[in-house]
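The values are calculated or read from the model by the stated rules, or taken from the named source; none is laboratory data. Just so you know, these numbers come straight off a predicted model, no measurement behind them.
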Amino acid sequence: MYGDNLNLIAFYIRRELPGRETIECLEYGRSMGELSTVLQKMIPQFKHKVIFNMDDFGYYTKFDLICMNTIHYYEKDHALELLRRLKQLMKGDARLCICDLFYDKDDDFKSSWIIDWITHGGIYTLTVVELLVLLKKAG
């Protein structure tokens, strides 16, 4: 998700939010705000808040963009609750950007990154189909 990938993700996000002078973004997860830093360079009136835990989020405003990485860290029930809470923070025409790795092919590479994920926090929501089911349940 880092390096040139951030520039590409930011480019596509900017394309999804055309004509807005100001974009208010919530970045949730473990990325330490790297995506927000890249977006701030592209969008002059970019305002962002970076949080790592929904319980630490002290105010409730509506965002144009919510960026979330590493959905695979969260068990299904926790991820579903988290997505529902994030949805409440989105403006009607907001976008949700989930940055994670989804790999459906069963091969040695998939086995390698699953081992890496086990050592870094979780192996949930491994496929795009699983994510789409969660998003639909969250509304």
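Does region 16-25 hold any residues that are at pLDDT 90 or above and either among the charged types (D, E, K, R) or within 14 Å of the chain's Cα centre (by Cα) (or both), and which are they? Of everything in region 16-25, those that are at pLDDT 90 or above and either among the charged types (D, E, K, R) or within 14 Å of the chain's Cα centre (by Cα) (or both) turn out to be GLU16, GLU24, CYS25. Before we move on, is MET68 hydrophobic (A, V, I, L, M, F, W, C) and modelled with pLDDT under 85? Answer is no for this residue. Of all the numbered requirements in (1) modelled with pLDDT of 75 or more; (2) farther than 20 Å from GLY3 by Cα, TYR28 misses one, and that requirement is (2).
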